[in-house]
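The values are calculated or read from the model by the stated rules, or taken from the named source; none is laboratory data. Since the model is a prediction, treat every value here as computed from it, not as a measurement. Heads up, the Cβs are rebuilt from the backbone with ideal geometry, glycines too, and the neighbour counts pull from every protein chain shown. Quick note on the areas: whole protein, heavy atoms, side chains included, nothing else; ligands and nucleic acids left out. Shrake-Rupley method; radii C 1.70, N 1.55, O 1.52, S 1.80 Å.
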Amino acid sequence: MKLFSCLQRLPRITTVITVISWSCIVLQLCLGYIYAEHSHSSQKRFSGLYTGPYFDPNASSNITTQLGTHAYLPCRIKQVGNRSVSWVRKRDSHILTVDRYTFVGDDRYQAFQADGTDAWTLQIKFVQPRDAGQYECQVSTEPKLSHMVTLNVVVPRIEILGDQDIHVKLGSQVELKCVITQSIEETGFIFWYHNNRRILDSKLIKIERTGSDTTVGTLVILSAKQTDAGNYTCAPTNLQSVSAYLHVLMDEHPAAMQRGKNSASLPCIWWVPFSVALGMDTCLSRHLTLMALLSFYLISSLVLFFIPES
């Protein structure tokens, strides 16, 4: 009886086992399908084959350039397709460019895309301090995609060493040094002007980079003459100029030069006999000579006043 009961249960057990086996097979197939779909969708997401445009997260968003040079603002867009790319100046919301077309009267602005790249670059020529600020790169999607780029403009400091009025002795060697500091780019050329006329002798001009942000331009005058006096201007390329005035003196006293400018002063030749008689230098001591003469006159008058008449 027991054996018969077991034989009766056998088909039912076989059926259960069969159902369980098929269920496991179906479950494995479903899991495999789900895994395959997940892997495929992941590949699509990271390869970007079916997504819209997006900005390269590694592109620079902070650009620093020097006054007078050209600035290049990058905008790297993946999968832009046939959509338009615009550049907008943030401070006044002015549209500068759309694709390769310029929509501003300032011809310093230009947008271009190098062949075979995904970079749309805004070029600003001869950068001025007012060009500093934020610029927005836009893609014509819905909603709009935008990427901000900040432009920093460095203004170098320029000076001619010494005072604005430089006094030198006749015949001496003179070196005028034009120092440019706080510059991130080496200055290509430094022009010198004497009384608004450019000095063309390159042997007299030296340019050297003395530091990471310093350039020195030197003008050499081998033997100063009276004709070398006047205004000297240092004019680096694409930067502002600076000037100084050179005075060439007959002696080492700047005051002598100042007296020479006074057209109201009297000639000193008539002082010579009195100066020599009193043992003084001619011309330079005429005020002292006058004081001595006045003193002599007063003393003589007093003596004559107190001497009794014979």
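Note on the range 183-237: residues that are of a type in the set (D, E) and more than 23 Å from H247 (Cα to Cα) total 4.
Considering only the range 61-69, I want to know if a residue exists there that is free of Cβ contacts under 8 Å to residues at least 24 places away in the same chain, among the small types (G, A, S) and open to solvent by 20 Å² or more (accessible area, probe 1.4 Å). Let's see the steps before the verdict.
Pass one, the range 61-69, residues free of Cβ contacts under 8 Å to residues at least 24 places away in the same chain: none.
The answer is no; no qualifying residue exists.
The residue that is modelled with the lowest pLDDT, counting only those in the range 72-118 that are surrounded by 13 or more Cβ atoms within 10 Å (Cβ to Cβ) and on the phi > 0 side of the Ramachandran plot, is Q79.
Filtering the range 139-157 for residues that are closer than 28 Å to T187 by Cβ, at pLDDT below 95, open to solvent by less than 70 Å² (accessible area, probe 1.4 Å) and not β-branched (V, I, T) leaves a non-empty set.
Note on the range 105-164: residues that are over 13 Å from the mean Cα position of the chain (by Cα) and outside any loop (DSSP other than H, G, I, E, B) total 26. For the residues I205, I190, the requirement of being over 28 Å from Y109 (Cα atoms), buried (at least 16 other Cβ atoms within 10 Å of the Cβ) and either at pLDDT below 95 or of a type in the set (D, E) (or both) singles out I205. For the range 228-241, the criterion of a residue being farther than 22 Å from Q128 by Cβ, open to solvent by 70 Å² or more (accessible area, probe 1.4 Å) and in contact with a strand residue (DSSP E or B) (Cβ under 7 Å, 6 or more places away or on another chain) is satisfied by no position.
Condition check: farther than 13 Å from L239 by Cα, open to solvent by 90 Å² or more (accessible area, probe 1.4 Å) and either in contact (Cβ under 8 Å) with a residue 24 or more places away in the chain or in contact with a helix residue (DSSP H, G or I) (Cβ under 6 Å, 6 or more places away or on another chain) (or both). Does Q182 satisfy that? Explain how you work it out, then say what you get.
Values: farther than 13 Å from L239 by Cα: no; open to solvent by 90 Å² or more (accessible area, probe 1.4 Å): yes; either in contact (Cβ under 8 Å) with a residue 24 or more places away in the chain or in contact with a helix residue (DSSP H, G or I) (Cβ under 6 Å, 6 or more places away or on another chain) (or both): yes.
Considered against the rule, which asks whether it is farther than 13 Å from L239 by Cα, open to solvent by 90 Å² or more (accessible area, probe 1.4 Å) and either in contact (Cβ under 8 Å) with a residue 24 or more places away in the chain or in contact with a helix residue (DSSP H, G or I) (Cβ under 6 Å, 6 or more places away or on another chain) (or both), Q182 comes out as no.
Of the candidates T65, T69, the single residue that is modelled with pLDDT of 90 or more, at negative phi and assigned to a strand (DSSP E or B) is T65.
Of all residues in the range 193-202, those being exposed (fewer than 14 other Cβ atoms within 10 Å of the Cβ) and farther than 17 Å from L239 by Cβ number 6.
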